[in-house]
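Student: Supplied in structure tokens, the structure appears directly below.
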Amino acid sequence: MRKFRISGAIILVLVLAILFFRFRKRAVDTAAGLGQPTPATATRQHIDPAPEISLQINHADELTLYRGTPMVLDVRVVNHQAMIADAQETSDRVYFQQLHAAANRGEIPKERVEATIARMDLAPEVSAISLGEDTAPWDSFLQLSQRLPDGTLHPLNWTAKLVRPAQAKRITLTAQTEAELMFVVEPSSAAQIRPGEYAIVASLNVPSNISLKPGTWTGQVQSDPVELTIADNPARLSPDDEEKLDLHFAAYFYASGDFAEAAKRAQSALALNPRSIAAAIAIGEARKAHGDLKGALEVFQKARSEYYRQYPKSYEPPTLLLSRISDIEATMEGEQPPTGSPP
């Protein structure tokens, strides 16, 4: 599955979809004049899931880069089935509340409500996933590979520097937790990669014949490939290509922890294209990481205004920008001294 990074908006869509079909069914049943359903025991399936892994390069699943352009390889591992079950549980709770409210208003007999709930297929119970241990860290089983045209995987021979290491040797994946590793391919290393087309894959391969704590997951999973094209540098870059190159460098410097240089390259991209929302976001992220909350808030607010100027009829809000603005405002408000207190 392509990029399982489930945002709040995606979860909300899933919840609303589940609710729609359930309420539609209830309306059809009521209109058909069905009698009291026969009570039955609600079923709840148990699932022992496998982890799911994703890979992006420079925040994309498919991209073309000029030779020497730095890369940021972002690997994430999640318990996707637990996320889906958690979304269904949320919809179940809302659905139950609506049913009981309807019963309290006298629209549905209470016996039917209880029977309907009893015969529902509830969200499955999804186990947490345990990966790795002190003597065998989970990230030691991760591999970056190139998928060849015949489908075989060949270990990636690029020089990839780990800039965001694992937070723990043993991790537990639930609906609310994930694991992440981040690598960079520096410009000097990227310049050594030959032009061509590459399918890059991240995989976890935990053999079952090694000694691990009981309950630790073993098996093999791999990400969808990132389709990457490396092209020779043109004699002259177009303004659009210059903007993209600045943003790639901004992402590289940000991942490497050089927030001042990240802001500088993002500012260069914004100078090339003053309407670039991506450049504004990159500036805001760099300022925020550098501790300049006021400066970050200012640029995020400008980016929000630019978004609504460019997409006045969009049904999709700028979720990331709204989240950043809300978080910074809450942080700044918490840092304000109470009224009447000494400065």
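Each reported figure results from applying straightforward, stated rules to the coordinates on display, with no laboratory input. None of these values were measured; they are calculated from a predicted model. Glycine also receives a Cβ, built like all others from the backbone with ideal geometry; neighbour counts cover every protein chain displayed.
Student: Which trypsin sites (Lys or Arg not before Pro) in the stretch 234-329 pass both tests, a DSSP loop state and at most 13 other beta-carbon atoms within 10 Å? Please report the intermediate quantities before stating the final value.
Tutor: Details: sites: 236, 244, 264, 265, 275, 287, 288, 294, 302, 304, 309, 313, 324; in loops: 236, 275, 313.
Within the stretch 234-329, the qualifying trypsin sites (Lys or Arg not before Pro) (loop, at most 13 other Cβ atoms within 10 Å) are 236, 275, 313.
Student: Remind me, what semi-axes does the stretch 236-332 give for its equivalent ellipsoid, largest first in whole Å, using sqrt of 5 times each Cα gyration tensor eigenvalue? Let's see the in-between values first.
Tutor: Details: eigenvalues 92, 70, 17 Å².
The equivalent ellipsoid of the stretch 236-332 has semi-axes of 21, 19, 9 Å.
Student: Just to check I understand the Karplus step: with θ = phi - 60° and J = 6.51 cos²θ - 1.76 cosθ + 1.60, what whole-Hz values come out for the stretch 265-272, glycine and proline as x?
Tutor: 5, 5, 5, 5, 5, 5, 5, 6
Student: Of 161/244; 244/302; 169/264; 264/313, which sit over 28 Å apart, Cα to Cα?
Tutor: Values: 161/244 22 Å; 244/302 20 Å; 169/264 35 Å; 264/313 32 Å.
Violating the 28 Å limit, Cα to Cα: 169/264; 264/313.
Student: When the dipole is taken about the Cα centre of the stretch 180-263, and only Lys, Arg (+1) and Asp, Glu (-1) are charged at their Cβ, what size is it in debye, to the nearest 20?
Tutor: On the way: 4 positive and 13 negative charges, 115 e Å.
Using Cβ point charges on Lys, Arg, Asp and Glu, the stretch 180-263 gives about 560 debye.
Student: What do you get when you divide the Cα radius of gyration of the stretch 83-240 by 2.2 N^0.38 Å, with N the number of residues? The partial results should precede the final answer.
Tutor: Details: Rg = 24.4 Å, N = 158, 2.2 N^0.38 = 15.1 Å.
Taking the Cα Rg and dividing by 2.2 N^0.38 Å, one obtains 1.62.
Student: What's the magnitude of the charge dipole for the stretch 236-332 around its Cα centre, counting Lys and Arg as +1 and Asp and Glu as -1 at the beta-carbon? Answer in Debye, nearest 20. Working shown, then result.
Tutor: On the way: 13 positive and 14 negative charges, 50 e Å.
Dipole magnitude for the stretch 236-332 comes out near 240 debye.
Student: As an exercise, identify the trypsin sites (Lys or Arg not before Pro) in the stretch 71-143 lying in DSSP coil whose Cβ has no more than 12 other Cβ atoms within 10 Å. Write out the running numbers ahead of the final one.
Tutor: On the way: sites: 76, 93, 105, 110, 112, 119; in loops: 105, 119.
Of the trypsin sites (Lys or Arg not before Pro), the ones in loops of the stretch 71-143 whose Cβ has at most 12 other Cβ atoms within 10 Å are 105.
Student: What whole number of Å gives the distance from the Cα centroid of the stretch 98-146 to the Cα centroid of the stretch 185-239?
Tutor: 32 Å
Student: Once all Cα-Cα distances of the stretch 54-93 are split into 10 Å bins that start at 0, what whole-number percent is in each one?
Tutor: It works out to 24, 30, 22, 17, 6, 1, in whole percents.
Student: Right, here's the next one. Residue by residue through the stretch 325-333, what is 3J(HN,Hα) from phi via Karplus (6.51 cos²θ - 1.76 cosθ + 1.60, θ = phi - 60°)? Round to whole Hz and write x for glycine and proline.
Tutor: 4, 4, 5, 5, 4, 5, 5, 5, 5
Student: Rounded, prolate or oblate, given the Cα gyration tensor of the stretch 141-203, with a/c below 1.5 counting as rounded?
Tutor: On the way: a/c = 2.96, a/b = 1.58, b/c = 1.88.
Verdict is oblate for the stretch 141-203.
Student: Fewest first, what order do 145, 223, 54 take by the number of other Cβ atoms within 10 Å?
Tutor: On the way: 145 19, 223 25, 54 22.
Ranked by crowding around the Cβ, least crowded first: 145, 54, 223.
Student: What is the sum of charges around residue 147, taking Lys and Arg as +1, Asp and Glu as -1, for the other residues whose C-beta is under 12 Å from the C-beta of residue 147?
Tutor: -4
Student: Could you compute the net charge surrounding residue 72? Neighbours are other residues with a C-beta less than 11 Å from the C-beta of residue 72; K and R count +1, D and E count -1. Don't skip to the answer; put the middle values down first.
Tutor: Values: positive: 161, 164; negative: 74, 186.
Residues near residue 72 contribute 0 overall.
Student: Continuing with the same structure: For the stretch 65-116, run through the GluC sites (Glu not before Pro) and keep only the ones in DSSP coil with at most 12 other Cβ atoms within 10 Å of their Cβ.
Tutor: Numbers: sites: 89, 107, 111, 114; in loops: 107.
Those that pass, being in a loop and sparsely packed, are 107.
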